[in-house]
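Q: Got a structure here, written out as structure tokens. Questions coming.
The values are calculated or read from the model by the stated rules, or taken from the named source; none is laboratory data. Treat the numbers as computed from the prediction; the structure is a model and nothing was measured. Note: ideal-geometry Cβ built from the backbone for every residue, glycine included; neighbour counts use all protein chains shown. Ligands, DNA and RNA are excluded from the accessible area calculation, which covers all protein heavy atoms including side chains. Shrake-Rupley method; radii C 1.70, N 1.55, O 1.52, S 1.80 Å.
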Amino acid sequence: MTLEIISPQEIAFKGEVESVTMPGQLGSFTVLKNHAPLISVLNEGIIAYRIPSGEEKSFAIKGGIADVDNNVISVCIY
């Protein structure tokens, strides 16, 4: 699946991932391949994701919105 982390200034990350964990407004949640479509407000925290090589990476955010649809996770951060 593809993860896109986008800010008003730049595309912070775009690439293939195996899983993504995000700080949702109602608590942290994880998205895996073939996840049901959803839209969520994100709180300040860490987006943690695993790339296909198995390496874990993370990205700090102040907040944002996540959209999951057809194995594409689009995260607009501020």
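Q: Report those strands (runs of 3 or more DSSP E) wholly inside region 28-78 carrying at least 3 residues which are in contact with a strand residue (DSSP E or B) (Cβ under 9 Å, 6 or more places away or on another chain) and not β-branched (Val, Ile, Thr). Walk me through it before giving the result.
A: Numbers: elements: 38-42, 45-50, 56-61, 64-69, 72-77.
In region 28-78, the matching strands (runs of 3 or more DSSP E) lie at 38-42, 45-50, 56-61, 64-69.
Q: If you don't mind, another one. Against the definition (surrounded by 12 or more Cβ atoms within 10 Å (Cβ to Cβ), of a type in the set (D, E, K, R) and more than 11 Å from the chain's Cα centre (by Cα)), how does LYS57 come out, yes or no?
A: Details: surrounded by 12 or more Cβ atoms within 10 Å (Cβ to Cβ): yes; of a type in the set (D, E, K, R): yes; more than 11 Å from the chain's Cα centre (by Cα): yes.
In short, yes.
Q: Regarding region 31-40, can at least one residue be identified that is open to solvent by 40 Å² or more (accessible area, probe 1.4 Å), at negative phi and at pLDDT below 95? Write out each step before concluding.
A: The initial filter retains those residues of region 31-40 that are open to solvent by 40 Å² or more (accessible area, probe 1.4 Å), namely 32-39.
Applying the additional criterion that residues be at negative phi yields 32-33, 35-39.
Going one step further and asking which of them are at pLDDT below 95, we end up with none.
No: zero hits.
Q: While we're on this one: Scanning region 41-54 for residues that are under 10 Å from the mean Cα position of the chain (by Cα) and surrounded by 14 or more Cβ atoms within 10 Å (Cβ to Cβ), which turns out farthest from MET1 (Cα to Cα)? Steps first, answer last, please.
A: Within region 41-54, the first condition is being under 10 Å from the mean Cα position of the chain (by Cα), and the residues that meet it are 42, 46-49.
Next cut, surrounded by 14 or more Cβ atoms within 10 Å (Cβ to Cβ) only: 42, 47-49.
Values: LEU42: 20, ILE47: 15, ALA48: 15, TYR49: 11 Å.
Applying the filter and picking the extreme gives LEU42.
Q: Out of the residues in region 60-78 that are within 12 Å of VAL17 (Cβ to Cβ) and open to solvent by 20 Å² or more (accessible area, probe 1.4 Å), state the one that is farthest from the chain's Cα centre (by Cα).
A: Once the filter is applied, the top-ranked residue is ASN71.
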